[in-house]
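Step one of this worksheet: look at the structure below.
The values are calculated or read from the model by the stated rules, or taken from the named source; none is laboratory data. All of these numbers come straight from a predicted model, not from anything done at the bench. Here the Cβ is made from the backbone with ideal geometry for all residues, glycine too, and neighbour counts use every protein chain on show. The protein model used for the area step is the full one, side chains on, heavy atoms only, and it has no ligands, DNA or RNA in it. Shrake-Rupley method; radii C 1.70, N 1.55, O 1.52, S 1.80 Å.
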Amino acid sequence: MSASERLVQDATTLGVTLTSADATRLLTLTGELSRWNRSYNLTAISSPAAMVTHHLLDSLAVNADLVGTRIADAGTGAGFPGLPLAVCNPQRHFTLIDSTAKKVRFVAHAASLLGLTNVSAVHGRVESLQFSVPFDTVLARAFAPIPELLEKLTPLCGPQTRVLAMKGKWPEKELAALAAPWRIVSARELTVPGLDAARCVIVLACSDGAAPGVPASGV
C-alpha cells in the first residue's frame, strides 16, 4: 500500500474522506515541512512518516467538531491543525495565527504551494490581535491550560464561537477550574491511527447570551 493510500485509509477511520489528490497534497506538506525543518527547526517531529501521524492525522481527528465557515487556528506552529483541515474543507476559511515569524512564513509558503486559497497566515499573539467579526470555531492545539487559553482567545470569540481545545491526557484539573461564562459543549477521547499517545478534544462555548469579550474593528 502506498503512503497516499494508507493516509486515505487512516483518515477514513477518523470519519474524514480524503481524495487521492488531497492525500498527495498532505504528503507534499509533510515533505516540505521536513525540508524546511532542517534549516528552521519548525517542529520537534523530524521524519515525514512521524509527521503523518503526529501532525496530519492528529489534526484531522477533530474535523467533525468544526462548526461554521470562519475558523481560527491559535498558535498554529507550522500549520497544524489548520493546514490539513483546510485541505479537506475548501468551503471554510482558515486564519492561522502564530507569534513566531518563521512559522508564519512557512504556513504562508505551504498554503501557496498547496494552492490553498482558503488560508490566511497571521503573525502575532492572539491576545493582542483585533478582529472585526468573531470566528465560528477557534482551534487550539496544546496551546495553554484551558482557563489561560480561554482568556487569551477572547479577541477571537463571540457568543456563538466554539473553542476546540486539543489536549493530550484528559485535563481534569483544567476543566475543574473552568469558570463562567464558559461551559463544556462536548468532550471526547481521540484515537489517532498509528499514534500511541493519549489525545482528547474539549469543545467549549459561552453560556447562552454571554460573551467572552467585545471584538473590536481590526484585522
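Remarks
- Helix axis angle, 101-113 relative to the chain longest principal axis, alpha carbon, degrees: 60
- Computed FRET value (nearest 0.05) for Ala3 with Ala197, which takes r as the C-beta separation and R₀ as 22 Å: 0.55
- The chain: antiparallel DSSP beta bridges as a percent of all, rounded to 5: 40
- Accessible surface of the chain, 1.4 Å probe, proportion on carbon and sulfur as whole %: 51
- Cβ-based net charge around Arg92, under 14 Å, with every Lys or Arg adding one and every Asp or Glu removing one: -1
- Within region 154-192, backbone nitrogen closer than 12 Å to the virtual label 7 Å beyond the Cα of Ser207 toward Cβ: 179-184
- Mean-position separation - Cα centroids, region 171-202 and region 1-36, in angstrom: 26
- Accessible surface computed residue by residue for region 86-219, with neighbouring protein chains in place and a 1.4 Å probe, gives 48 Å² per residue.
- Mean residue ellipticity (222 nm) of the chain, computed from DSSP H runs ≥ 4 via -39,500 (n - 2.57), nearest 500: -9000 deg cm²/dmol
- Summing charges over neighbours of Asp65, with a neighbour being any other residue whose Cβ is under 11 Å away from its Cβ, gives +2 when K and R count +1 and D and E count -1.
- Simple label model, 7 Å out from Cα along Cβ direction - Glu172 to Thr28, nm: 4.6
- Rounded to the nearest 0.05, the FRET efficiency derived from the C-beta distance between His109 and Ala142 at R0 = 22 Å is 0.45.
- Over all other residues within a Cβ to Cβ distance under 14 Å of Leu149, the charged ones net out to +1, with Lys and Arg as +1 and Asp and Glu as -1.
- Charge dipole (debye, nearest 20) of the chain; +1 at Cβ of Lys and Arg, -1 at Cβ of Asp and Glu: 380
- Dipole of region 1-87, positive direction: furthest Cα of Val62, Gly15, Trp36, with charges on the beta-carbon: Trp36
- Computed from the C-beta positions of Ala44 and Arg183, the FRET efficiency with R₀ = 35 Å rounds to 0.55.
- Computed from the alpha carbon atoms alone, the convex hull of the chain holds 111 Å³ per residue.
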